[in-house]
Every structure is written in C-alpha cells, then in structure tokens.
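Reviewing the structure listed below.
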Amino acid sequence: MTSSTPRLRPLPLIGLALWVGLLVLVSVWMSQQSYRWLPVQASTAAPLVDGLFSFETGVGTFVFLAVISVMAWVMLMHRAEKYDESDAEPIEGNTRLEVIWTAIPFVLVMAIAIYAIRVNTTLGVLGPMEHIHVRDPLEQQGGYPGDRLPPESVEVIARQWSWEFRYPNSGVSSTELHLAVDQPVTFRLVSEDVLHGFYIPAFRLKQDVVPGRAIDFNLTPTREGRYRLRDSQFSGTWFAANQADVVVESGPDHLSWLKQAAGQPLQSGISDAVQEYAERGKKSNPGWATVPPAPPPQVNVPGSNTLPHDA
Amino acid sequence: MTSATFPASEPKPSWTRYFSFNTDAKVIGIQYIVLAFFYFLIGGLLAMIIRGELITPAADLVDRTVYNGIYTMHGTIMLFLFIFPVLNGLNNLLIPTMIGAPDMAFPRLNAVAFWLVPIFGTLLIASFFVPGGPAYSGWWSYPPVSIQNPLGHLVSGQGLWLTAVALSGVSSIMGAVNFVTTIIRMRAPGMGWFRMPVFCWTALAAQTLQLIGLPALTGGAVMLLFDLVAGTSFYRPEGGGDPVLYQHFFWFYSHPAVYVIILPVFGIFSELFPVYARKPLFGYVYVALASFIIVGLGLVVWVHHMFPSGVAQWMRNLFMVTTMLISVPTGVKVFAWLGTLWRGKLRLTTPMLFCLGGLFNFVFAGITGIMLATVPVDIHVSNTYFVVGHFHYVIYGAAVMGVFAAIYHWFPKFIGRMPYEGLGKLHFLLTFVGANLNFLPMHPLGLMGMPRRVSSYDPEFAFWNVLASLGAFLLGVSIIPFLLNMVSSWVLGPRATHNPWNAIGLEWLLPSPPAEDNFGEHVPTVISRPYGYGLGQPLVENQEAIERELNLQEARA
C-alpha cells in the first residue's frame with residue numbers, strides 16, 4: 001500500500017474488471033441453478049414465481065459476493081503489521097460515493113419491485129387472487145361473470161386435523177384432492193375451527209384459510225402427478241400431520257374418477273391425527289393437553305397419503 | 001477549567017449488589033446481561049430438543065404437544081428474555097458512559113424495569129409446570145388456536161404466556177422512556193447531536209420504535225387474554241370477531257421489533273469497526289441519520305408478514321415496495337462499514353472477528369430478506385423453513401454475534417479485567433461455523449416446501465435437516481468457551497487499563513471499571529466528532545490531563 005491513488009493505474013483496474021466479470025458469471029450460473037432448488041413446476045403460477053426467484057438469486061449472488069470480496073480483500077491486504085500501533089489514513093467520507101451507493105441499491109430494488117409487481121399482476125389475472133366474502137350459502141347462487149367462471153369448483157374444508165374436498169357439481173367428496181390437468185379450478189376455502197394454510201409447494205401457491213370467512217382461490221394445474229398439500233399455518237397439535245395428496249390427472253381420467261367416486265358409499269376419510277390420538281390415549285404419560293381431533297370426514301373416496309409423491 | 005480528578009480508591013463494592021434493587025445503571029446493565037444469558041441457556045437447551053426431534057422425519061423424540069410447547073417457549077425466551085434484556089443491559093452500560101451522564105435519567109424506574117424481567121421470566125418458566133403444559137401456539141400466538149385452552153382452566157400456559165408478554169411490554173416501555181430521556185437530556189457539554197456516538201443514535205432510534213410499537217402488541221395481547229379467560233370476542237369468529245385483526249396488532253410491533261434488535265447491533269458495528277481498523281467511521285452523519293430512515297420505514301412494512309393471510313392486492317404491492325426500500329438505508333450502513341475497513345490497519349481481535357462474521361451473516365440475511373419482500377416468492381416460502389433460516393441469520397448470525405463482539409469489547413471497561421483472546425477466538429470459530437451449518441440448510445428446506453413449526457416431515461427433507469441439527473449441536477458446544485472465558489477472566493483475568501484497545505470515546509476516559517457516578521462533577525467538554533482515528537485531535541478538552549491522571553492511578557494500583 002505505497003501508492004496513494006492505486007485505483008487510477010491500469011493494472012488494478014484490469015484486475016477489478018476481471019474479478020467483476022467472474023462474479024457476473026458466477027451470479028448467472030447461480031440464477032440458473034436456482035430452479036433446481038425448487039420443486040417441480042405443476043401450475044401456471046410456478047414458472048412465473050421461479051423466474052422471479054431466479055432473477056433475485058442472480059442479483060443477490062452478485063451483491064453478496066461483491067461485499068464479501070471487499071471484506072476478504074481488506075482482511076488479507078489491509079491488516080495491521082505486528083506491533084504497528086499507529087492509525088490508518090483518516091478518510092472521513094466521500095459524498096460522491098455515498099450518493100452512488102444510495103442510488104444503486106435504490107435502482108436495483110425498484111427494478112426487482114417492478115418485476116415482482118408485474119408477476120403479481122399476471123398471477124392475479126391467472127386467478128390465484130382470493131375473493132373474500134362473508135361465509136353465507138346464499139352468496140353462492142349469485143355467481144360470477146360467465147367468462148371468469150372456471151368449469152370446476154371444489155370446496156376445501158380445513159379441520160383440526162384433516163382436509164376434506166367436496167365437488168358440488170358431481171356430488172363427490174374425498175380426502176384426496178383430484179384435479180384435471182390444464183383446467184382452471186376454483187377453490188372455496190373454509191375452516192371449521194382455527195387458521196389453516198392451503199399450501200401446495202409444486203403449485204407455488206399458498207393461502208390462509210380463515211375461520212368465519214369463505215375465500216375463493218383459483219389456480220390451473222399444468223403437470224400430471226401426485227403432489228403434497230401441506231397445512232402452512234400452525235393449527236395445533238397435529239399440525240405437521242395435516243397433509244393431503246393432490247392428484248393431477250388428464251381430463252378423461254378425472255371425469256372417470258369423479259364418476260366412479262360418485263358411486264362409492266360414504267366412509268371414513270384419512271385423518272392421521274385421529275389414529276395417533278387413539279394410540280396416544282393408551283400411553284401412561286401421553287404429554288401435554290391437546291384439543292381432540294375432529295372425527296374423520298365421511299367421504300366417498302379416502303384416497304391415500306402414503307404413496308410416493310413428486311413434490 | 002479544572003482537570004478531572006478521581007478519588008484514589010473507593011472501598012470495593014460488594015458483589016451482593018447484583019442481587020439487590022440497585023439503581024446504578026452499570027450494576028443494572030450487568031444484571032440484565034447475566035440474567036439474559038441464564039435464559040439464553042434455557043432457550044438454547046430447548047433448541048437442542050427441537051433439533052433433536054427434527055434430526056429424523058418422524059415425531060419420535062417427544063410427544064407432538066411437547067414439541068409445540070418447546071418451540072413456542074424457545075422463541076419466546078430467546079426474544080423476550082434473552083435478546084431484549086441483553087440489549088437493554090448494553091444500553092445501561094454504554095449510554096450513560098458514552099454521553100458522559102452520571103446515571104440514567106430515572107434510576108429507580110430503571111431498576112423496576114429490570115426487576116420485572118425475572119418476574120415475568122419466572123412466570124413464563126412456571127408455565128411448564130401448570131396442568132396442560134405451557135403455551136403451544138408459537139411466539140406469534142395467533143388466535144383462534146391460541147385461545148382454544150384444551151383443559152378449560154382459568155390458569156393455563158397460554159394465559160401465563162400472555163401475562164408475561166404484557167409485563168415484558170410494560171418493562172420495555174419503562175426502559176424506552178428512560179433511554180430516550182437520558183440521550184436527549186443528559187449529554188456531556190459540547191456533545192451536540194452530530195458529536196454523539198452512533199451506538200447512542202441507534203439506541204435512540206430503537207427505543208423510539210419501542211415507544212411507538214409496543215402499545216399495539218401489549219394492547220393486542222391483553223385483548224387476547226380477555227378472549228382466553230373472560231369470554232370476549234375480539235378475535236373469535238363465532239362471536240363476530242376477526243382473527244386477522246390480531247395479526248395486525250402483533251406485526252405492527254413485532255416487525256419493528258426486529259429493528260429494535262438489529263439497530264443497536266448496527267451501532268456496535270459502527271463503534272467497533274473504526275477501533276479495529278484504526279480509521280474514522282466512513283460517512284458518520286449519514287450512518288447516524290440512516291437509523292431514523294429505518295425507523296420511519298420500519299413502521300410501515302408490517303403487512304409483509306401477512307401476504308398469504310388474505311389481504312388485498314394493492315396492500316401487498318404497497319408493503320412490498322416499502323419493505324424493499326428499507327434495504328437502501330441498510331445498504332448505506334453496510335457500505336459505510338466497508339468504507340471504514342478499506343485501507344485501514346485491521347486488527348483481527350475477538351470483537352473484530354465477531355463483527356466481521358456478523359456482517360457476513362447480515363449481508364446474506366439481507367439478500368434473503370429482499371426475496372421474502374417480493375410477494376410472489378413470499379407466497380411460496382412464507383411459513384416455511386426459508387423464513388426460519390432468514391430470521392436466524394438476522395438474529396443469531398448478525399445480532400447475537402454483534403452482542404458477543406460488544407461483550408468482548410467492553411468487558412474490560414465494566415469488569416476491569418481482560419477476557420482471554422484464545423478462548424474468544426475459539427468461541428468465534430465455533431459460533432460462525434455452527435450458525436452457518438445450522439441455518440443455511442433451512443433455506444433449501446423452505447424452497448422445497450417444508451413448513452415451519454412441524455414436529456414431523458416427509459423423508460425428502462431428511463438430508464438438510466440432519467445438517468441443520470449437527471450445526472445446532474455445534475452451536476450448543478460453542479457457548480462453552482464463552483462461559484469459561486467470562487467466568488475465568490472475571491475472576492482471574494489480567495487487570496484492564498482504562499483504554500486497552502486504544503479506542504476513542506468518553507467511556508474510555510473513565511477508569512476500568514468506572515466509579516458509580518462515572519465522571520461525577522468533572523464531565524469533560526466534547527470538542528470534536530467521535531471516531532477521530534488518525535486525525536490527532538483530542539475528543540475532549542484537557543484530554544491529556546485526564547489521561548495522565550488515569551495512567552498515574554493505574555501505575556499506583
């Protein structure tokens with residue numbers, strides 16, 4: 001550190017440019033890698049969310065590595081010599097630099113915000129935006145504008161601790177959610193007790209289910225397969241076990257499933273909590289107090305929640 | 001103009017004062033910090049149980065009810081009984097000595113605020129032993145699950161929890177009134193706003209947030225307590241109440257609470273980087289003011305915790321933008337620290353290592369914070385382990401590491417003895433590696449869709465959970481060298497001089513440890529800005545005489 005103005009000499013400038021170029025390459029690579037950290041894309045929303053996340057990963061990687069590079073540099077190059085008790089050259093500030101490092105983050109986050117608002121708007125047009133209204137059976141008869149009314153609607157009833165899915169058009173109920181690929185579906189989310197979260201990671205969509213409200217929620221699955229629906233808002237003792245499977249199948253398969261299901265007699269649906277609660281009762285020291293689970297819903301098709309799933 | 005003189009030697013005060021209703025801010029500061037670390041050990045033990053349960057996919061270590069109680073108490077203890085008290089301890093030690101005040105503005109109120117901590121702490125710990133066990137609904141305590149009260153008793157774990165949180169709010173408001181008044185009214189002659197150390201700026205900003213935000217949480221908690229024990233329906237849907245209303249009350253305070261925690265840590269970074277880089281703080285005025293920009297923005301971001309709760313689209317967009325704007329003043333601070341380090345003469349002492357490690361973790365947390373601010377990504381990862389990872393990077397990775405830095409840095413001043421460097425560096429290494437091993441794997445887990453607060457999970461999440469648990473156990477071990485260091489150096493450590501780090505600041509012009517009334521009648525007049533490293537200007541009038549006197553006194557002892 002002999003020269004007082006090392007920044008203006010060509011060699012350090014070239015070194016800096018090479019280093020920044022390397023960081024850009026690493027950031028681009030990370031933004032491509034970021035898709036692999038996420039579950040498979042199984043809804044129209046998923047690619048939009050993943051694209052935004054990938055962009056943020058790229059920008060974030062660059063900012064992180066740039067800051068860490070400076071830290072590493074000063075730790076390697078600007079250490080005090082042993083027994084050097086003196087102070088460094090006193091630089092108290094630099095207004096131009098301060099303006100620059102206010103402006104650059106501002107522009108950067110606003111760019112991310114604009115991108116995010118656009119994704120958000122597209123998602124709203126695609127349908128996942130919820131419509132909240134007071135829970136009242138009469139409101140259903142009012143209907144929606146015809147062009148926005150998706151062909152299928154499913155009532156989702158969240159309980160402590162089970163999920164029940166009703167298909168009012170077909171008179172079917174199940175504890176496994178079946179959807180037709182590429183067909184928009186409207187959910188009507190209601191809770192019988194506490195807050196729950198309707199979360200299907202493969203769809204990248206999540207919506208709290210609020211007791212006392214009915215929430216309309218639309219999405220379009222795009223990939224056949226078996227996925228997990230997880231309760232995402234803490235709901236008490238068996239919160240972790242409050243999961244259901246989501247089966248996305250082809251249109252014809254879905255129709256035949258509905259038809260077959262309609263013919264089945266009502267039986268107890270899946271509720272892991274009910275099972276565990278019964279076993280727990282046999283123990284001498286079962287643990288702390290809990291609300292008892294609601295009885296398993298009576299459905300046409302219990303389905304399964306132990307088969308291997310894609311995400 | 002008289003030079004400062006100090007009484008030769010006072011009778012050594014008894015250690016029993018730490019267990020009494022003492023009004024000396026320095027005693028209260030140490031009371032706060034020691035008590036906070038007692039609770040830190042309890043909260044940490046609970047974390048070990050959590051990570052023990054999560055090392056396997058099945059719920060097999062403890063019953064699910066026990067798991068839920070334990071994770072709830074872990075969060076509550078770490079926030080209300082560790083991090084807030086430990087920061088209030090630092091405030092008590094540093095604010096009066098840094099601004100040259102003899103004590104806090106309201107010493108008795110200060111002592112009451114402290115003694116409320118063991119009271120509500122005992123109440124909270126006692127809830128482990130009431131029938132039905134402690135609160136189990138998470139530190140958010142969202143209704144209706146928090147008002148279900150399975151046994152139906154009047155005294156329940158949840159009821160005790162709410163009482164404790166309300167008392168914690170009262171204690172913190174008392175503390176905030178005191179800190180704000182002290183900083184505004186009791187600065188040394190000559191110490192204008194822009195000659196005040198940044199730690200005091202950040203403390204003032206953080207305590208202002210406490211005064212604005214805490215009434216919302218405390219009021220919200222009292223209403224929840226009424227719903228629980230008195231049958232009211234503020235949040236009960238079946239009685240016409242709205243459960244989402246609680247979330248607004250809760251987050252209106254609890255998001256700013258994160259700034260209450262991190263702002264003083266920014267203050268610690270701003271104090272320590274100049275000392276160990278031997279350079280003035282880069283852009284002091286802007287760094288000082290940025291704290292208040294963070295306060296202003298921090299008050300209008302709370303809805304970002306509620307994006308999936310059912311809020312309107314315009315609200316989502318608005319709160320996304322305000323949240324992202326906070327990264328601008330925060331970035332200013334980060335760049336100012338880098339500017340301070342640049343071409344400095346770095347000394348990698350234990351406190352400096354903790355600051356650098358804390359800054360590393362904080363930058364990472366800032367980037368995941370931006371991701372969480374954007375609504376579409378947040379919808380996917382909210383209430384997953386991604387948030388848990390982000391939060392622990394902020395609170396443990398940055399804030400707790402900053403607190404450790406502060407403890408190592410100011411230990412000689414207030415205890416009068418030097419901590420051991422070797423143990424300190426070992427502590428740093430274990431903490432830094434442990435924290436990253438523990439909290440980094442939480443991010444892929446969240447992206448894959450693992451919800452937070454689960455006692456069991458699908459087998460595809462096992463790999464990252466095993467890593468996280470190993471990191472947690474390493475963090476558990478990391479506290480051993482710290483405790484060894486603190487106890488042994490307190491008892492046996494080499495005596496500290498008044499300014500062992502060669503730092504600039506009023507507190508370093510006091511003997512170590514300072515007299516009860518700090519400068520007493522002889523408060524020096526401040527004549528320049530803080531952090532004048534390399535400028536060769538004295539900080540106060542007659543600085544040479546003051547230092548000569550201190551050196552003489554040390555030579556005599």
Quiz item: In this structure, does A:Ser304 turn out to be buried (at least 20 other Cβ atoms within 10 Å of the Cβ) and under 29 Å from A:Arg204 (Cα atoms)?
Solution: no
Self-check item: Test: residue in the range B:284-296 that is open to solvent by 10 Å² or more (accessible area, probe 1.4 Å), more than 9 Å from chain A (Cβ to nearest Cβ) and touching a Phe, Trp or Tyr at 6+ places or on another chain (Cβ under 6 Å)
Solution: no
Exercise. Take the residues in the range A:70-85 that are facing another protein chain (nearest Cβ under 9 Å), open to solvent by 50 Å² or more (accessible area, probe 1.4 Å) and modelled with pLDDT under 90, then tell me which one is farthest from B:Pro274 (Cα to Cα).
Key: A:Glu81
Self-check item: Candidates B:Ala166, B:Ala203 - the one that is at pLDDT below 95, in a helix (DSSP H, G or I) and either surrounded by 24 or more Cβ atoms within 10 Å (Cβ to Cβ) or in contact with a Ser or Thr (Cβ under 8 Å, 6 or more places away or on another chain) (or both)
Solution: B:Ala166
Quiz item: Do any helices (runs of 4 or more DSSP H) lying entirely in the range B:398-470 carry at least 3 residues that are within 30 Å of A:Pro201 (Cβ to Cβ) and within 12 Å of chain A (Cβ to nearest Cβ), and which ones are they?
Solution: B:442-448
Quiz item: With respect to B:Ala166, is the statement that it is closer than 30 Å to B:Pro538 by Cβ and away from chain A (no Cβ under 14 Å) true?
Solution: no
Quiz item: Which of (1) closer than 23 Å to B:Asn499 by Cβ; (2) open to solvent by 10 Å² or more (accessible area, probe 1.4 Å) is the odd one out, the single condition B:Tyr385 does not satisfy?
Solution: (1)
Exercise. Could you list all residues from the range A:233-267 that are among the aliphatic types (A, V, I, L, M), within 14 Å of chain B (Cβ to nearest Cβ) and in contact (Cβ under 8 Å) with a residue 40 or more places away in the chain?
Key: A:Ala241, A:Ala244, A:Val246
Quiz item: Which condition breaks for A:Phe217 when tested against (1) out of contact with any Asp or Glu (no Cβ under 6 Å at 6 or more places or on another chain); (2) at pLDDT below 95?
Solution: (1)
Quiz item: Looking only at the range B:453-463, which residues are over 19 Å from A:Tyr227 (Cβ atoms) and crowded, with 21+ Cβ neighbours inside 10 Å?
Solution: B:Arg453, B:Ser455
Practice problem: Answer yes if at least one residue in the range A:269-288 is part of a strand (DSSP E or B) and either within 14 Å of chain B (Cβ to nearest Cβ) or surrounded by fewer than 24 Cβ atoms within 10 Å (Cβ to Cβ) (or both), and no otherwise. | Solution: no
Quiz prompt | Single condition B:Ser137 does not satisfy, out of (1) farther than 28 Å from B:Leu35 by Cα; (2) at the interface with another protein chain (Cβ under 8 Å from one of its Cβ atoms) | solution = (1)
Self-check item: Search result, residues across the range B:304-347 that are assigned to a loop (DSSP other than H, G, I, E, B), open to solvent by less than 40 Å² (accessible area, probe 1.4 Å) and at the interface with chain A (Cβ under 8 Å from one of its Cβ atoms)
Solution: B:Gly310, B:Gly344
Quiz item: In the range B:374-391, what residues are facing chain A (nearest Cβ under 7 Å) and small (Gly, Ala, Ser)?
Solution: B:Ser382
Exercise. Working only within the range B:113-149, note down all residues that are small (Gly, Ala, Ser), open to solvent by 10 Å² or more (accessible area, probe 1.4 Å) and touching a Phe, Trp or Tyr at 6+ places or on another chain (Cβ under 7 Å).
Key: B:Gly132
Quiz item: Mind checking whether some residue in the range A:103-122 is at the interface with chain B (Cβ under 7 Å from one of its Cβ atoms) and at pLDDT below 90?
Solution: yes
Self-check item: Output for the range A:184-211, where each listed residue is closer than 23 Å to A:Pro168 by Cα, facing chain B (nearest Cβ under 10 Å) and either without any contact (Cβ under 8 Å) to a residue 24 or more places away in the chain or over 17 Å from the mean Cα position of the chain (by Cα) (or both)
Solution: A:Leu189, A:Ser191, A:Asp193, A:Val210, A:Pro211
Self-check item: In the range B:487-517, the residues that are open to solvent by 20 Å² or more (accessible area, probe 1.4 Å), over 19 Å from B:Gly29 (Cα atoms) and among the hydrophobic types (A, V, I, L, M, F, W, C)
Solution: B:Leu492, B:Trp501, B:Ile504
Quiz item: So, in the range B:37-89, of the ones that are buried (at least 19 other Cβ atoms within 10 Å of the Cβ) and assigned to a loop (DSSP other than H, G, I, E, B), which residue ends up farthest from the other protein chains (Cβ to nearest Cβ)?
Solution: B:Leu54
Quiz prompt | Among the candidates A:Glu139, A:Glu164, A:Glu155, residue that is at pLDDT below 90 and open to solvent by less than 60 Å² (accessible area, probe 1.4 Å) | solution = A:Glu139
Quiz item: Which of the residues belonging to the range A:212-227 are facing chain B (nearest Cβ under 7 Å) and either open to solvent by less than 10 Å² (accessible area, probe 1.4 Å) or farther than 19 Å from A:Glu155 by Cβ (or both)?
Solution: A:Ile215
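The values are calculated or read from the model by the stated rules, or taken from the named source; none is laboratory data. These figures come from a predicted structure and were not determined experimentally. Cβ coordinates were reconstructed from backbone atoms using ideal geometry, including for glycine residues, and neighbour counts include every protein chain displayed. Protein only, heavy atoms only, side chains kept; ligands, DNA and RNA dropped before computing areas. Shrake-Rupley method; radii C 1.70, N 1.55, O 1.52, S 1.80 Å.
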